[in-house]
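In what follows, a structure is listed as structure tokens, so that the remarks can point back to it.
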Amino acid sequence: MTHNIWYLHPYAGGPGFGNSARAYHISLAWIKAGQRATVFCSSWHHLMGRDVEFVGSLIFEDVPYSFVPARAYIGNGASRLLNMFDYCMGLWRKADQYSLDFGQPTMIVVSSPHPYAILIGKLLAKRWRAKLVFEVRDIWPLSLVELAGVSKWHPLAMLTGWVERFAYRNSDACVSLLPGAKSHMVERGLPLNRFHYIPNGAALSAAQLQTVALATPALNKVRLLRDDGRFVVIYPGAMGPPNNMLPLIEAAHLLSAKIGQAVHFVLMGQGGEIPALKERVRHFGLTTVHFFPQSNRQVALALMSMASAGYVSVRRLPIYRHGISFNKLFEYMQQKLPVIFAADVPGNPVELAGCGVITSPDDPVLIANAIYSLSKKSSSDLASMGQAGRSFVERHHDYTVLAAEYLQLFEHKSS
């Protein structure tokens with residue numbers, strides 16, 4: 001059966017913009033499999049990596065995007081909530097036009113970087129008798145409570161909790177990117193047979209790397225360091241409180257005192273903790289830590305292809321009992337990059353694949369020891385780690401495989 005799939009993802013990215021590539025890669029795989037698919041994205045969001053708003057409909061390397069008008073915002077205040085409201089209401093107001101432009105949907109997938117679009121998704125699914133799939137990227141309001149420290153009695157947390165329960169009760173299927181979320185969702189009203197685990201993934205062609213301008217400052221820095229024989233640890237991603245990057249700076253200080261300039265760190269991204277991290281680097285007088293502003297996904301992927309190891313860190317929080325599904329981690333593995341995994345997440349992909357070292361998220365001494373041990377491994381051992389990660393991703397996290405699982409889900413008759 002051929003489907004016409006509307007993928008509602010307010011923070012979606014695509015080739016040359018944004019940091020969330022799942023919507024693009026899965027939609028591309030659907031299209032290659034003979035389906036129709038359109039991504040509906042906010043015209044502006046904080047993960048775009050650019051200041052220019054997109055307007056109307058565009059096609060990015062074979063995938064149609066429609067940019068729903070939504071105001072710009074800074075931070076996490078009222079303007080961001082209004083951006084969410086704009087996106088939801090824009091979908092509803094322009095639904096008839098969208099159906100003319102892209103055809104009436106037979107399947108609506110609502111992704112939840114924020115969950116509020118599920119309310120409009122339900123109305124659209126009812127209107128066109130389409131199947132509704134709720135894709136849970138982050139568990140709301142649990143992320144507000146356990147990551148951001150918001151009281152569970154805060155009005156926004158209570159509203160989001162009601163939306164969460166609505167989504168579980170009213171979706172034909174619920175796709176979780178987190179392997180251990182089933183019990184949480186079932187407790188909040190999701191029928192057991194509607195839970196499906198389809199994780200994040202990675203996809204990259206050689207042509208995508210060739211399009212990257214090698215004059216990019218971060219890439220040039222990694223190239224120079226590698227040519228000089230340095231072991232280069234990279235982190236291209238957000239640097240906010242959940243990412244727990246300060247222990248890495250402390251570890252870099254310990255390593256610098258122990259082995260001098262042998263190991264360098266290239267950090268590329270944005271986030272509220274960057275000023276404090278830079279201040280700590282200045283305090284230590286470190287010359288082995290290098291900061292670069294956020295760039296697009298293609299530059300990040302090229303960075304991974306040139307580095308010695310990739311770093312992942314999260315705070316030790318109860319929410320990770322449900323598992324993780326980080327794009328960055330799977331992209332490291334796709335690029336055959338050994339991983340330093342500073343997190344307390346049982347059954348994580350690095351452990352399952354055997355593609356790196358696992359250490360404490362909080363102890364700079366243990367982090368430094370893990371990085372040092374990795375840097376002293378032979379080239380063949382590092383290559384074996386990298387290949388183990390690549391093989392694991394190809395088996396379990398290739399976007400073509402994940403898209404096929406969605407197509408099987410689409411044929412599933414939920415009760």
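Scoring Tyr197 on the criteria (1) aromatic (Phe, Trp, Tyr); (2) open to solvent by less than 50 Å² (accessible area, probe 1.4 Å); (3) touching a Lys or Arg at 6+ places or on another chain (Cβ under 9 Å); (4) closer than 29 Å to Thr2 by Cβ leaves a single failure, condition (2). Scanning the range 361-375 for residues that are more than 11 Å from Ile340 (Cα to Cα) and β-branched (Val, Ile, Thr) returns a single hit, Val365. Report whether or not Arg280 is out of contact with any Asp or Glu (no Cβ under 6 Å at 6 or more places or on another chain) and under 30 Å from Lys182 (Cβ atoms). Judged against the criteria, Arg280 is not a match. Of the residues making up the range 307-317, those that are farther than 28 Å from Ala257 by Cβ and either modelled with pLDDT of 95 or more or surrounded by 17 or more Cβ atoms within 10 Å (Cβ to Cβ) (or both) number 0.
Filtering the range 265-282 to residues that are open to solvent by less than 20 Å² (accessible area, probe 1.4 Å) and assigned to a helix (DSSP H, G or I) leaves Leu277, Val281. For the range 72-119, the candidate set comprises residues that are polar (S, T, N, Q), farther than 19 Å from Ala173 by Cβ and touching a strand residue (DSSP E or B) at 6+ places or on another chain (Cβ under 9 Å); within that set, the residue that is most open to solvent (accessible area, probe 1.4 Å) is Gln104.
Yes or no, residue by residue, for (1) among the small types (Gly, Ala, Ser); (2) at pLDDT below 95:
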| site | (1), (2) |
| --- | --- |
| Ser66 | yes, no |
| Tyr73 | no, yes |
| Leu81 | no, yes |
| Met89 | no, no |
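Every condition in (1) in a strand (DSSP E or B); (2) more than 23 Å from Ala95 (Cα to Cα) holds for Met48 except the one numbered (1). Within the range 346-367, being in a loop (DSSP other than H, G, I, E, B), over 17 Å from the mean Cα position of the chain (by Cα) and not acidic (Asp, Glu) holds for Pro346, Gly347, Gly354, Cys355, Ser360, Pro361.
The residue of the range 283-306 that is nearest to Ile249 (Cα to Cα), among those that are assigned to a loop (DSSP other than H, G, I, E, B) and either open to solvent by 10 Å² or more (accessible area, probe 1.4 Å) or among the basic types (Lys, Arg) (or both), is Leu286. Condition test on Leu337, is it in contact with a strand residue (DSSP E or B) (Cβ under 6 Å, 6 or more places away or on another chain), in contact (Cβ under 8 Å) with a residue 24 or more places away in the chain and part of a loop (DSSP other than H, G, I, E, B)? Answer is yes for this residue.
When restricted to residues that are of a type in the set (Val, Ile, Thr) and touching a strand residue (DSSP E or B) at 6+ places or on another chain (Cβ under 6 Å), the range 33-54 contains 2.
The condition of being closer than 23 Å to Ala12 by Cα and in contact with a Pro (Cβ under 6 Å, 6 or more places away or on another chain) holds for Leu303. Taken over the range 124-172, residues that are in contact with a Leu (Cβ under 6 Å, 6 or more places away or on another chain), in a loop (DSSP other than H, G, I, E, B), buried (at least 18 other Cβ atoms within 10 Å of the Cβ) and at pLDDT below 90 amount to 1. Cβ-Cβ distances below 7 Å connect no pair with a first residue in the range 155-169 that is without any contact (Cβ under 8 Å) to a residue 40 or more places away in the chain and more than 11 Å from Pro115 (Cα to Cα), a second residue that is surrounded by 18 or more Cβ atoms within 10 Å (Cβ to Cβ) and aromatic (Phe, Trp, Tyr), and a separation of six or more residues or different chains. In this structure, Glu405 does not satisfy being more than 23 Å from Val266 (Cβ to Cβ), free of Cβ contacts under 8 Å to residues at least 60 places away in the same chain and in contact with a strand residue (DSSP E or B) (Cβ under 9 Å, 6 or more places away or on another chain).
The condition of being out of contact with any Pro (no Cβ under 9 Å at 6 or more places or on another chain) and open to solvent by 20 Å² or more (accessible area, probe 1.4 Å) does not hold for Ala23. Consider the range 372-415 and keep the residues that are touching an Asp or Glu at 6+ places or on another chain (Cβ under 9 Å) and β-branched (Val, Ile, Thr). The one that is modelled with the highest pLDDT is Val393. Here the range 368-395 is the region considered, the condition is being basic (Lys, Arg) and not in a helix (DSSP H, G or I), and the residue that is surrounded by the fewest Cβ atoms within 10 Å (Cβ to Cβ) is Lys376. Test Phe40 against the stated conditions and say whether it is open to solvent by less than 30 Å² (accessible area, probe 1.4 Å), within 21 Å of Ser171 (Cα to Cα) and either touching a residue at least 60 places away in the same chain (Cβ under 8 Å) or part of a strand (DSSP E or B) (or both). Taking the combined requirement at face value, the residue satisfies it.
The values are calculated or read from the model by the stated rules, or taken from the named source; none is laboratory data. Note that the structure is a prediction, hence the values are computed from the model and not measured. For neighbour counting, all protein chains shown are included, and Cβ atoms are generated from backbone atoms with ideal geometry for every residue, glycine included. Calculation scope for accessible area: heavy atoms of the full protein, side chains included, ligands and nucleic acids excluded. Shrake-Rupley method; radii C 1.70, N 1.55, O 1.52, S 1.80 Å.
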